[in-house]
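Peer 1: Structure below; questions to follow.
The values are calculated or read from the model by the stated rules, or taken from the named source; none is laboratory data. A quick note: this is a predicted structure, and the numbers were derived from the prediction, not measured. Neighbour counts run over all protein chains shown; Cβ positions are idealised from the backbone, glycine included. These accessible areas exclude ligands, DNA and RNA; they are computed on the full protein's heavy atoms, side chains included. Shrake-Rupley method; radii C 1.70, N 1.55, O 1.52, S 1.80 Å.
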Amino acid sequence: MIIIGLTGNIASGKSAVAALLKEWGACVIDMDRVAKEIQSHNVTVLDEIKKTFGESVVKDNKLMRKKLGEIVFSDKNELKKLNKIMIPVMTERIKKIINEKKKQGVKILVIDAAILFEAKWEKFAQEVWVVYIPKELQIKRLIKREQIGRDEALKRIESQMDIKEKIKKANAVIDNSKSFAYTKEQVWRLWKKIQNSI
């Protein structure tokens, strides 16, 4: 089984690339979804989040995502605290999923994760692909998608690892700043190369 680590910063279009790979036959693990599942069903994690960030982020045993987002995106240290709670549990879940997919005979598995490098999940992958767009375009897309102001968009962007650092560590960079067809063509070339190596 070949594992691809797919990453990119907020509003870069990483999910669109993941959707293409899924369409072409890859098995995709969406780590955002995994995190949400853990936060919904793992009582220990929920308690830890409540203890760390206060009563206001958990109501009736349910995580108030918007409230938590406001806290962690406005302060890198708060985000580090959240990652310290979430990453070990998510890492265990990844290991479990990888083993399950191997047993099922999956040929190509994609770990779709914005925090791939921060969580050191690239160690599970043979290839790392980074989806890139210029910062101004990223701000524009984020404002539109989340209906937030420029300052809020910048806070969220700056809470993540610099994209230049991610690019340095990647095997391939997908430029998503032009048309969808242009992006699709790049992803298709990478996909064919992976298929040919199986």
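Peer 1: Can you tell me which residues in region 157-166 are in a helix (DSSP H, G or I), under 21 Å from Trp121 (Cβ atoms) and of a type outside the set (A, V, I, L, M, F, W, C)?
Peer 2: Lys164, Glu165, Lys166
Peer 1: I'm trying to understand the selection: among the residues of region 10-28, which are within 10 Å of the chain's Cα centre (by Cα) and among the aliphatic types (A, V, I, L, M)?
Peer 2: Selection gives Ile10 alone.
Peer 1: Look at region 167-180 and say how many of its residues are part of a helix (DSSP H, G or I) and either hydroxyl-bearing (Ser, Thr, Tyr) or open to solvent by 70 Å² or more (accessible area, probe 1.4 Å) (or both).
Peer 2: Final tally of qualifying residues: 3.
Peer 1: So which residues in region 121-155 are assigned to a helix (DSSP H, G or I), within 30 Å of Ile98 (Cα to Cα) and either aliphatic (A, V, I, L, M) or touching a residue at least 24 places away in the same chain (Cβ under 8 Å) (or both)?
Peer 2: Residues satisfying the conditions are Trp121, Glu122, Phe124.
Peer 1: I'd like the full set of residues that are surrounded by fewer than 16 Cβ atoms within 10 Å (Cβ to Cβ) and part of a helix (DSSP H, G or I), limited to region 21-45.
Peer 2: Lys22, Glu23, Asp32, Arg33, Lys36, Glu37, Ser40, His41, Val43, Thr44
Results for (1) of a type outside the set (D, E, K, R); (2) open to solvent by 50 Å² or more (accessible area, probe 1.4 Å), shown as yes or no for each residue.
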position: Ala113; (1), (2): yes, no
position: Trp121; (1), (2): yes, no
position: Val128; (1), (2): yes, no
position: Glu136; (1), (2): no, yes
position: Ile139; (1), (2): yes, no
position: Ile143; (1), (2): yes, yes
position: Gln160; (1), (2): yes, no
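Peer 1: Looking at (1) in contact (Cβ under 8 Å) with a residue 60 or more places away in the chain; (2) in a helix (DSSP H, G or I); (3) closer than 28 Å to Ile108 by Cβ; (4) aliphatic (A, V, I, L, M), which one does Val72 not meet, given that it meets all the others?
Peer 2: Every condition holds for Val72 apart from (3).
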